[in-house]
Amino acid sequence: MTSNEHLTTELSPLQACTISRDVQNFDLLIEDMETALGENWGDLGFAEAKAFFHQPEAESLEFVAIAIDESDEEKLVMLGDIIDAAKDKGIKIILIAEDVSPASLHQLLRQGADEFVPYPLPEGELQAAIERIRTPEPVYDPVAVPMAPIAKSGGNRNGVVIASHGLAGGTGSTTLAVNLAWELATISKEEAPQVCLIDLDLQFGAVSTYLDLPRREAVYEMLTDTESMDDEVFKQALVGYEDKLSVLTAPTEMLPLDLISSEDVTAVIDMAKSHFDYVIIDMPSTLVQWTESILSTAHIYFAMLELDMRSAQNTLRLKRALQAEDLPVEKLRYVLNRAPKFTDLNGKSRVKRLSESLDIGIELQLPDGGKPVVQAADHGLPLATAAAKNPLRKEIAKLAASLHELGQEPAEAA
C-alpha cells in the first residue's frame, strides 16, 4: 500500500503518510505501517509532501513518518521545510533514519520532529513511537514529582564541579556520584550547600534508578536546545530528591552520546555552577568529544578503577589518549573501588604494584560495601539512608567532609 493512488481514496480517512525519496528502500517500514494502520496510510515523495498538507485529504492525518538515509543529508533544508509545514498543520512527525550523522539528526530533531526511530526498525519500536505521540504530554503534579531545590540567589554562585568517570564497567562511578552528592547535600543541618547531580550518560545513565526518580522529557528538550536555555528551562529539567538534592537525570530515551556538543555541555554546566555550590557529574565510560569540556571545567575528576587487568589496561589507554591530545591528564584523581582491607597485606602489595606499573597515584581507596550497596540502589536510596554504617558509606562521607572543608577555605579567605 505504497503508491500515491490511495491518497485520494474515499474508503477511509488517512491516518498517516510516509515521506521518503523512495519508500521501497524502507521495506520494514512498509510492513510496520501496514501492521499499525492497515490500509489507512499513504506514501509521499519529498517534492509533493508540502503541497499535500494543504489538500482536504490531509486534514485527518495524525502523523507523518519521514524516512531518510545518508543520501538525503544534502536535503536538510528541504526536510526542515517539510517538518515546519507539518507542524503548522498540527501533524506529528516521526523521524526514521539510517546511517545519518548525529549532526544532521540533531538538526532535524531541533527543527521539530516529535520522535526518532533508527532503521532497520527494532521490533515494535514504530508502534511504540505511534503510541507515544498519541499520548498527551503528562501534566506533572508538583506533589507527585518534587521540584528541585534550586538556589534562589539569581544564579550568582560559582559552584565546584566534581566528575566521576568509570574506567571499566561496574567500577562504581554512579555509586560514588550519587552518594557523594547526597553526603554533600546533607553535610550541615544549618547551612547545607546547594548540590546538583547531573547524569551525562545519555544511554545507560542510572542516577534516576539509584534515587527512584522520574525521567523528564524536559531534559532532552533542554540538551538539544541549549541556546534557548534560561533559568526557568533549566529548573524545569531538574527533579528534587528529599527537598535537599537537585538532579538532572538522563533523558527518557536512549540517545547517541554525540547528539550534544561541547558547547551544549558547557552551557549546562555553567548554568548549574551559577545556581549551586557543588555540581556532581556522572560521566559515561565512553570518551566523547565533550569529555574534554568536562575535564577542563571540573575542579576534581575522579577516575574509578578496580584491582584487575581490565582497569589497568583501560587506565593506561586513557592516559595515552589524553596525553596524545595534550589534555590535562594531571587532573585525574584515581579512585580504587573494592580496595583490599587494611589487614590484607597481599592485596596492599598488589595495589602498590598497580600504582607503580601505571605510574599513577591512587589517592583514594574505597572499601567493598557488599550486598547492601546493590540493595540500596535497587530500592532507590542513598547509602546514608539504607545502610548508614556501611564501610563504603563511611568512606564517602569522609570524602564529602574533606571536600566541603576545602571548599570553605577560599570563601573564608575572601
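Where a number appears in this text, it was derived from the coordinates with a stated rule and is not lab data. Since this is a predicted model, take the numbers as computed values, not measurements. Using ideal geometry, Cβ is built from the backbone for each residue, glycine included, and neighbour counts are taken over all protein chains shown.
Measuring nothing but how far apart in sequence close Cα pairs (under 8 Å, 6+ apart) lie, relative to its length, the chain scores a relative contact order of 15 percent.
Taking all Cα-Cα distances within the stretch 4-134, those exceeding 27 Å account for 9%. Spin-label pair ALA47-GLN289: with each label point 7 Å from Cα along the Cα-Cβ axis, the two points sit 3.4 nm from one another.
Given R0 = 25 Å, the distance between the Cβ atoms of GLU125 and ASP69 translates into a calculated FRET efficiency of 0.90. Computed 3J(HN,Hα) for the stretch 161-175, one whole-Hz value per residue from the Karplus formula 6.51 cos²θ - 1.76 cosθ + 1.60 where θ = phi - 60°, is 9, 10, 10, 10, 10, x, 7, 7, x, x, 7, x, 4, 5, 4, glycine and proline marked x. Across the stretch 314-331, computed HN-Hα scalar couplings (Karplus, 6.51 cos²θ - 1.76 cosθ + 1.60, θ = phi - 60°) run 5, 4, 5, 5, 5, 4, 5, 5, 5, 5, 5, 9, 6, 9, x, 5, 5, 6 Hz from first to last residue, x flagging Gly and Pro. Ordering 59-69, 177-187, 353-363 by mean Cβ neighbour count within 10 Å, with the highest value first, yields 177-187, 59-69, 353-363. Modelled spin labels at SER402 and GLU98, positioned 7 Å past Cα toward Cβ, are 5.4 nm from each other. Under a 5 Å amide H cut-off, with hydrogens placed 1.01 Å from N, LEU255 pairs with GLN203 among residues at least 5 apart or on other chains. A simple charge model with +1 on the Cβ of Lys and Arg, -1 on the Cβ of Asp and Glu and nothing else charged puts the dipole of the chain at about 2820 debye relative to its Cα centre.
Here r is the Cβ-Cβ distance between SER349 and LYS371 and R0 is 22 Å; the resulting FRET efficiency, rounded to 0.05, is 0.20. Extension gain, GLU191 to GLU242: 0.36 nm times the residue separation minus the Cα-Cα distance gives 16.7 nm.
The amide H of ILE281, built 1.01 Å from its N in the peptide plane, has ILE162, ALA163, SER164, ILE198 as neighbours under 5 Å, considering only residues 5 or more places off or on other chains. Toward the positive end of the charge dipole of the chain, with +1 on the Cβ of Lys and Arg and -1 on the Cβ of Asp and Glu, the farthest Cα among LEU399, ALA67, MET283 is that of LEU399. Along the stretch 238-253 the Karplus relation, 6.51 cos²θ - 1.76 cosθ + 1.60 evaluated at θ = phi - 60°, assigns HN-Hα couplings of 8, 10, x, 10, 6, 6, 10, 10, 9, 10, 9, 6, 5, x, 5, 9 Hz to successive residues, with x for each Gly and Pro.
The Rg/Rh ratio for the stretch 328-414, using Cα coordinates for both the radius of gyration and the Kirkwood hydrodynamic radius, is 1.05. Based on the Cβ-Cβ distance from VAL233 to HIS54, what FRET efficiency comes out when R0 is 25 Å, to the nearest 0.05? Between VAL233 and HIS54 the formula returns 0.15. When you count the other C-beta atoms within 10 angstrom of each residue and take the mean per peptide, 277-287, 189-199 line up highest first as 277-287, 189-199.
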